1. For segment 278-294, which residues satisfy the criterion of being closer than 22 Å to Gly60 by Cβ and among the hydroxyl-bearing types (Ser, Thr, Tyr)?
2. Would a scan of segment 194-210 turn up a residue that is buried (at least 19 other Cβ atoms within 10 Å of the Cβ), polar (S, T, N, Q) and either over 25 Å from Pro33 (Cβ atoms) or not assigned by the TED database to the domain that holds Leu119 (or both)?
3. Can you tell which of Arg154, Arg118, Arg108, Arg75 is part of a helix (DSSP H, G or I) and open to solvent by 20 Å² or more (accessible area, probe 1.4 Å)?
4. Is it the case that segment 36-48 has a residue that's open to solvent by 50 Å² or more (accessible area, probe 1.4 Å), part of a helix (DSSP H, G or I) and at pLDDT 85 or above?
5. Which one of these is buried (at least 17 other Cβ atoms within 10 Å of the Cβ) and of a type in the set (Ser, Thr, Tyr): Ser93, Ser101?
6. Check Phe222 against each of (1) open to solvent by less than 20 Å² (accessible area, probe 1.4 Å); (2) within 14 Å of Tyr197 (Cα to Cα) and name the one condition it does not meet.
7. Inspect segment 270-292 for any residue being surrounded by fewer than 20 Cβ atoms within 10 Å (Cβ to Cβ), farther than 29 Å from Asp100 by Cα, more than 16 Å from the chain's Cα centre (by Cα) and not basic (Lys, Arg) and give the result as yes or no.
Amino acid sequence: MVGMKPKDVMPSAAVKFFGAGTAACIADLVTFPLDTAKVRLQLQGESQIAEGVGALKYRGVFGTITTMVRTEGARSLYNGLVAGLQRQMSFASVRIGLYDSMKQFYTRGTESAGIVTRLMAGCTTGAMAVAFAQPTDVVKVRFQAQVRLADGERRYNGTMDAYKTIARDEGVRGLWRGCMPNITRNAIVNCAELVTYDMIKELILKYNLMTDNMPCHFTAAFGAGFCTTVVASPVDVVKTRFMNSGHGQYSSALNCAFTMLRNEGPTAFYKGFMPSFLRLGSWNIVMFVTYEQIKKGMSRAQQYWESPF
C-alpha cells in the first residue's frame, strides 16, 4: 500500500500475508452478524417462491438480526463462523497480502503503478484466492442459510461434517460450487476494495489532508467499502444463492441470475444492500486499520531484532 516513508522499513511479503489474514479474521469476528443478516436477506425472495410464502420474514438489517435472535437464539448470528475464519485466513492472506507483490510484478519492480496495473493486480490476487479457498466459502454460506430447513433439523452437524457431507453427496465439485461467479465477484470486489483504498489513501497523503495514521486509514477504508458494495452487490447475490442451492436447482450461475430476474425483478440483485454496505464498510474499516497497525508493528519488531546492539 502507499504511504511508506523512506525511513520506514518496507514490510516483507510474509508480514503482509500474515497481517492480512489476521486482520481479516478480526474484522470477521466484529462484523459476522451483519454478514449473516445479508445472506438471509439475499436468500429471502428465493425461499418465498419455493415455499409459496407471501409475507416477508426478514425486514431490514436490524429487523433480520432481531428476528434471528428471537427465533433461533443469539448464536445463530455466528453460524458458519469457523468456516468464515478459515476462509479469511486463507482467502484474505492471498487477495490482500499479495496485492503489493503483484503490483510490483506487473510494474517490473518499479514504484509507479497506474490504475490499469492496480486493477490487474486486484483481479489476479482475487482469482488466486478463490481458486483454493472456495470450499470454505461454500460451507460458510450453507451454515448461514441453514434456517431454511424444516422441523428444526440441522443441515450439517459441524464444519468438518459439512465438508465431508458436501463432498459425499455432491462430489468434490460441490465444494467448488459457484466458483466462477465467486471469481467474478472477488475480482470485482478486490479491484473496487483494494484499488479504491489505495487511491483514496494516496490522494489524502498527496494533498496533505491527513498523515499516514488511523484517521487516514479509516477514511480510505470507508470510501472503499461503499464503492465495493455498489459495484459488487449483484454478483454477490447470485453467488450466495448459487452456492446455497441444492443439486440441480440451477444449471449455472447465469441460469440463477436469469431466474432471479424473471421471478423477482432487477431489484433482487440488490437484496441485502444495506447489510452488505454496513458489513463491507465496517469490515473494511476494521480490516484495513488493523492491517496497517499489524504491518507497522511487525516491521518495527523486525527492525528492532535486525538492528545491532
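1. Within segment 278-294, Ser282 is the sole residue that qualifies.
2. Yes, the conditions are met somewhere in segment 194-210.
3. Arg75
4. For segment 36-48, residues open to solvent by 50 Å² or more (accessible area, probe 1.4 Å), part of a helix (DSSP H, G or I) and at pLDDT 85 or above: absent.
5. Residue meeting the stated conditions: Ser93.
6. Failed condition: (1).
7. Yes, there is a match, as at least one residue in segment 270-292 is surrounded by fewer than 20 Cβ atoms within 10 Å (Cβ to Cβ), farther than 29 Å from Asp100 by Cα, more than 16 Å from the chain's Cα centre (by Cα) and not basic (Lys, Arg).
The values are calculated or read from the model by the stated rules, or taken from the named source; none is laboratory data. Fair warning: this is a prediction, and the values are worked out from it, not measured in the lab. Cβ: placed from backbone, ideal geometry, glycine included. Neighbour counts: every protein chain shown. Please note that ligands, DNA and RNA were not included when accessible areas were found on the heavy atoms of the full protein model with its side chains. Shrake-Rupley method; radii C 1.70, N 1.55, O 1.52, S 1.80 Å.
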